[in-house]
Amino acid sequence: MKFELSKPPVVDALIKLVTGPDRGAQVQVLFRALGLPVIGVLVFMVFWSVAASLIDTSLGKFPGPGAVWEQTVNLYEEHARERERAEAFYERQRQRNAEKLAADPHAEVRIRDYTGKPTFVDQVGTSLITVMAGFLLASAIAIPVGIAIGLSSTLYSAFNPLIQLFKPVSPLAWLPLVTMVVSAVYVSQDPMFSKSFLTSMFTVLLCCLWPTVINTAVGVAAISKDLLNVSRVLRLNWFTHVIKIVLPSAMPMMFTGLRLSLGIAWMVLIAAEMLAQNPGLGKFVWDEFQNGSSNSLGRIMVAVIVIGLIGFLLDRAMLMLQKRVSWDKSAVLR
Amino acid sequence: MTKPYLQISQVSIEFPTPRGPFRALDKVDLSIDQGEFVSLIGHSGCGKSTVLNIVAGLYRATEGGVILEGREVTEPGPERAVVFQNHSLLPWLTAYENVELAVKQVFKGRRSRREMREWIEHNLSLVHMEHALHKRPDEISGGMKQRVGIARALAMEPKVLLMDEPFGALDALTRAHLQDSLMEIQAELNNTVIMITHDVDEAVLLSDRIVMMTNGPAASVGEILDIDLERPRHRIALADDAAFNHLRHEVLSFLYERHGRLEVVPLSSGRKKPRQDGQSAVARGAMR
């Protein structure tokens, strides 16, 4: 398969602005692509500052853009300080161990883990790992299931009521059950994953399974009858039929499902972490809320923006993946 | 008496509907010799495609059956390759890959990789597509897509080539080009072909025999017309040929006088003329 890399319109316009003729048209393109969004953000900032200054809470004024920026810097500096402290902690241990070994070569030495409080950046990392694990596992289940029930109307009739029943269930309803089951089933002396990670991940999995299952099934069921006839005339075996005919033609619908699933996974995860006090962005928000300092609202607002930004980037990543694997380069994907 | 190569024997088919079974075909009987080019012609909805689908094995006849070289047809298979009306190429594969899928399926283990590649290229050059081997269907024209569809079917080395209105969706000029290509290929390979068409000129130009079907429901073979025009045939010469025009007239009078659609399904406006598909395709083809 060929991949053609096309320049984004903004870059293209910038290049033409420098090199090419017809500068006026390029300025217009740039204004549409860059100017208008910037104006939109600025207008929003003004409204936000004005509205924030009018709201008084028990924790002080609602944070405006300035306060939020301050907290962003704060959170990053806290993270950097914590890292230094951890590094120093490990350095001390290494030195002590080296001294011990110098005195007695047979001494037993070990490095203890640093037990400092996870910083904002750590929480973001935890959340990302959890969401990806839950989403990938859900996809690994949902795509084969979707293909199976898309191919067979019998299976579809059998499973459709269950799918419709479980699809609208809120993550918060699953959470207590998942927590109890994980505690009961996952018993190990030397656990590879922490229980909180598994709880969050399975809750995410249960909630983001359905869009992929449904959309894959619809995509598979909608394969053109002519292509099915081609497959029958060629007597393709089941496996070749699925790989060569079913998967490529269901690909666009499958990606629609995957993108919906990833969006849901991210939303569900934050809620699950918040309720279950599992490490991650949700816990960060809840901790700040409980903390109740004058900075708390600003820090929560930083989390809100980061959550939105990550959700957006995850969706863009899926879109890029879809563009890479899509055979129909003329299709407009957005 | 020798057994025919392909025999469609007393084939009837009923489709279940909420108001009871619908009998689309009633005792269709037809024998075809090896190397013969047979056209099925009839009004829309008369069950031409159903006959073809039964020969292909895509439908099972309710009564009767199809026998090819002494064996009954029970399922679809590459020895009865089909050229579908709307090309049915896999849109995510190039012309070459589309043919390759068929060739690999049919000749797996029997031919080397190089032989297969040469065979794919040979078939695509038969339909004059060697210049666009690596183009995907959305990058080529409708006529070119149909050419690739024909190459794919030919590459399976079918015992019978089934064509379901292969040129129906094309404009008249492209259609004439493809008809000429098909005659060329037929002169070289001498395949056994069943072709469905709406186009009287196409049927007379290409066929050894034209099977004219009565109107449905319960359609059957009406008349069979032998086309004893000499080959190779040239559309421009034939346009002015008395024998050709006489045969055309035979088909037209069957379709519009003896089995006119108007007698069966009264149309709301009585002034509507009967359909005369592609009546002047030869004349239009001659302009190129």
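Worth pointing out:
- The stretch A:210-314, relative contact order [Cα under 8 Å, separation at least 6], %: 25 percent
- The alpha carbon centroids of the stretch A:216-251 and the stretch A:57-94 are separated by 54 Å.
- Largest GNM mean-square fluctuation across B:P76, B:P217, B:P232, computed for chain B with C-alpha springs under 10 Å, falls on B:P232.
- Nearest-0.05 FRET efficiency for A:S188 and A:V41, computed from C-beta distance (R0 60 Å): 0.80
- Unit Cα scatterers, Debye sum, the stretch A:9-54: log10 I(q)/I(0) for q = 0.30 Å⁻¹: -0.96
- Put simply, the C-alpha atoms of the stretch B:156-248 give a gyration tensor, and the ellipsoid matching it has half-axes of 20, 18, 14 Å, longest first.
- Take each residue of peptide A:230-243, count the partner chain Cβ atoms within 10 Å of its Cβ, and average: the result is 5.
- Average 1/r across all pairs of distinct alpha carbons in the stretch B:5-113, invert it, and you get the Kirkwood radius: 16.0 Å.
- Positive end of the dipole of chain B (Cβ unit charges, origin at the Cα centre): among B:T214, B:S9, B:G57, the Cα lying farthest that way belongs to B:G57.
- Restricting the stretch A:50-133 to GluC sites (Glu not before Pro) in coil, as DSSP defines it, with at most 16 other Cβ within 10 Å: A:E108
- 23 Å tail of the calculated P(r), chain B, as % of Cα pairs: 56 percent
- Entries of A:K117/A:K323; A:K167/A:K195; A:K225/B:K48; A:K167/B:K135; B:K108/B:K145; A:K244/B:K159 with Cα pairs more than 30 Å apart: A:K117/A:K323; A:K167/B:K135
- Most mobile of A:A33, A:A276, A:A103 in a GNM of chain A (Cα contacts under 10 Å): A:A103
- Lys, Arg +1 and Asp, Glu -1 on Cβ, resulting dipole of the protein assembly as shown about Cα centre, debye, nearest 20: 1000 debye
- 3J(HN,Hα) from dihedral phi, the stretch B:163-172, Karplus parametrisation 6.51/-1.76/1.60, rounded to Hz, x for glycine, proline: 10, 9, 6, x, 10, x, 8, 9, 6, 4
- Result for chain B in a Gaussian network model with C-alpha springs under 10 Å: among B:I67, B:I236, B:I224, the largest mean-square fluctuation is at B:I236.
- Dipole axis of the stretch A:116-325 (+1 Lys, Arg; -1 Asp, Glu on Cβ), positive-most option in A:I223, A:A140, A:M192: A:I223
- In plain terms, the residue of B:I150, A:I310 with the fewest other Cβ atoms within 10 Å comes first and the most crowded comes last, giving A:I310, B:I150.
- Charge dipole (debye, nearest 20) of chain B; +1 at Cβ of Lys and Arg, -1 at Cβ of Asp and Glu: 780 debye
- Here the stretch A:185-334 is treated with +1 on each Lys and Arg Cβ and -1 on each Asp and Glu Cβ, and its dipole about the Cα centre works out to around 700 debye.
- Kirkwood Rh and Cα Rg combined as Rg/Rh, the protein assembly as shown: 1.14
- Considering only alpha-carbon pairs that sit under 8 angstrom and 6 or more positions apart, the relative contact order computed for chain B is 23 percent.
- Farthest towards the positive end of the charge dipole of the stretch A:244-334, among the residues A:M253, A:N295, A:G308, is the Cα of A:M253, using unit charges on the Cβ of Lys, Arg, Asp and Glu.
- Remark on the stretch A:1-108: Rg and Dmax equal 27.3, 79 Å (Cα only).
- P(r) of chain A over all Cα-Cα pairs, binned every 20 Å from zero, in whole percent: 21, 44, 29, 5, 0
- Average Cα contact separation per residue, the stretch A:116-325, under 8 Å, 6 or more apart, as relative contact order %: 28 percent
Read the figures in this text as sums done on the coordinates, not as results from a lab. Please read all numbers here as calculations on a predicted model, not as lab measurements. A quick note on method: Cβ atoms are made from the backbone with ideal geometry, for glycine too, and the neighbour counts reach across all protein chains shown.
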